[in-house]
Amino acid sequence: MIPGIASRRRFSDLSEQEILALAISSEEDDARIYRSYAERLRADYPSSAEIFDAMAKEEDKHRHWLIERHKARFGEVIPLIRREHVAGFYARRPVWLVENLGLERIRTEAEAMEREAEAFYRNAAARTEDAETRKLLGDLAAAEAKHEKKAGDLVETHLGDETREEEDRAAHRQFVLTWVQPGLAGLMDGSVSTLAPIFATAFATQDTWTTFLVGLAAAVGAGISMGFTEVASDDGVLSGRGSPIKRGISAGVMTTLGGLGHALPYLIPDFWTATITAIIIVFVELWAIVWIQNRYMETPFMRATFQVVLGGALVFAAGVLIGAG
């Protein structure tokens, strides 16, 4: 038997009292989740936080109705039964525990919660014989079905077009600061700084395997160095650049990829075929950096071209001249 599975009840085996108790605990959990989302968003997205505060109040109202119905039908004592006690019951992924949870991810999770709650209430109503309880569960299913519309109404009330654009811009800016900026710095460092040692080795030895090993070592070493430097340089508290771990991963991975791009062609045994392929890849890498700078960092295209392409060409030429000499 799989640990933890044998003790779970099947939904089809639950009594009407247990179904009501499960609905009560589920509404309580959902309200707490919505309040967690609201607290996460309050500092940066106050209008969206108001939306989730209102949704939490709605869940509180549903729980109150369910408790009153349980008291009328079964008395004051509500059995302790939660989602994790029922096999196949929809489970909430604990995304609210994730640091720096994005605004769009929260909105998506909330929509999924509403759809799943509607499906639960429809199944629960189908298994209930008491007319009043069936009516309540059916009403709650309808309420959850309208919850998305309710959220839309709240968006119009608290989150106008201007506010939404402002919040979306803030989310985009955070994405750029946490992922794009360090990743771009890493890609530039990996692509440009490894040009000289790789091509110097290539033209000095004309040995493709040796060149590949030098390029691999340079790329991995630069990636580790850039990653740790990014983590240690700024904890993100004052700068608002976000998690140093995320920034370090972005910088380290992109640095390594930038260096590996023109090292991998030297797995080709023929020297000139490998070298021409590597030069083509360098050309693509440099123009990709120009595009990213222009697209995400809003650097004018000509300035980005001058900085990246000219700088890369000078480093490449230095490597070739040193190797050939």
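The values are calculated or read from the model by the stated rules, or taken from the named source; none is laboratory data. Small disclaimer: the values here were computed from a predicted structure and weren't measured. All Cβ positions, glycine included, derive from the backbone under ideal geometry; neighbour counts span all protein chains shown.
Before moving on, here are some points about what is shown:
- Members of the range 283-305 that are of a type in the set (Phe, Trp, Tyr) and more than 19 Å from GLN181 (Cα to Cα): PHE283
- A single entry from SER36, SER48, SER26 fulfils the requirement of being surrounded by 22 or more Cβ atoms within 10 Å (Cβ to Cβ), under 30 Å from ALA170 (Cβ atoms) and of a type outside the set (D, E, K, R): SER48.
- Selection of first residues in the range 194-211 that are touching a residue at least 12 places away in the same chain (Cβ under 8 Å) and of second residues that are in a loop (DSSP other than H, G, I, E, B) and small (Gly, Ala, Ser), restricted to Cβ pairs under 8 Å at least 6 apart or on distinct chains, gives the following pairs, ordered by first then second residue: THR194/ALA263; ILE198/ALA263; THR211/ALA263.
- ASP53 meets all of the listed conditions (1) free of Cβ contacts under 8 Å to residues at least 24 places away in the same chain; (2) out of contact with any helix residue (DSSP H, G or I) (no Cβ under 9 Å at 6 or more places or on another chain) but one, namely (2).
- All positions within the range 187-207 that are within 22 Å of THR273 (Cβ to Cβ) and touching a Ser or Thr at 6+ places or on another chain (Cβ under 7 Å): ILE198, THR201, ALA202, THR205
- Contact map, the range 17-37: residues that are at negative phi paired with residues that are of a type in the set (Ser, Thr, Tyr), Cβ distance under 8 Å, separation 6+ or inter-chain. Pairs shown: ILE19/THR128; LEU20/THR133; ALA23/TYR121.
- Residue within the range 103-117 that is within 25 Å of PRO244 (Cα to Cα), modelled with pLDDT under 70, out of contact with any helix residue (DSSP H, G or I) (no Cβ under 6 Å at 6 or more places or on another chain) and loosely packed, with under 14 Cβ neighbours inside 10 Å present: yes
- Segments classed as helices (runs of 4 or more DSSP H), wholly inside the range 241-325, with at least 2 members that are surrounded by 17 or more Cβ atoms within 10 Å (Cβ to Cβ), in the same structural domain as ALA185 (by TED's automatic domain parsing) and touching a His at 6+ places or on another chain (Cβ under 9 Å): 271-296
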